[in-house]
Amino acid sequence: GWAESLATFASSGGFAGVDGALPSCELQVLWGANDRILPAAQRQAAATRLGDCCTELKSCGHLPHLDQPTLVASHWRQSR
């Protein structure tokens, strides 16, 4: 059901369509500077909503964990 769930999520506006309370746990959001999937308006909306927990990674596209796995792992380890 992953593909169907992803399609439903994307057609609902993705994260831009989410306006509920954020989780109480610490968040770390990593996205690629070269992401051609996530529209600029959604990125800006997410950055405004999430604030300082967002980090843009150079030389990455929509899937930073595949483009730069060592860099993503390094960020994850630093946040623990």
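Read-outs throughout are calculated quantities, based only on the coordinates presented, and are distinct from any laboratory measurement. If you're wondering where the values come from, they're calculated on a predicted model, not measured in any experiment. Note that each Cβ is placed from the backbone with ideal geometry, even for glycine, and that neighbours are counted across all protein chains shown.
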*With r as the distance between the Cβ atoms of SER59 and GLN28 and R0 = 22 Å, compute the FRET efficiency 1/(1 + (r/R0)^6) and round to 0.05.*
0.75
_Surrounding net charge for LEU71, when Lys and Arg each add one and Asp and Glu each subtract one, Cβ distance under 13 Å_ = 0
_For Cα pairs less than 8 Å apart in space and 6+ apart in sequence, what is the mean separation divided by the residue count of the chain, i.e. the relative contact order in percent?_
31
_Coordinate range along principal axes, alpha carbons of the chain, Å, largest first_ = 32, 27, 26
_List the residues, sorted by chain then number, that are 5 or more residues from LEU30 or on another chain and whose placed amide H is less than 5 Å from its amide H._
THR55
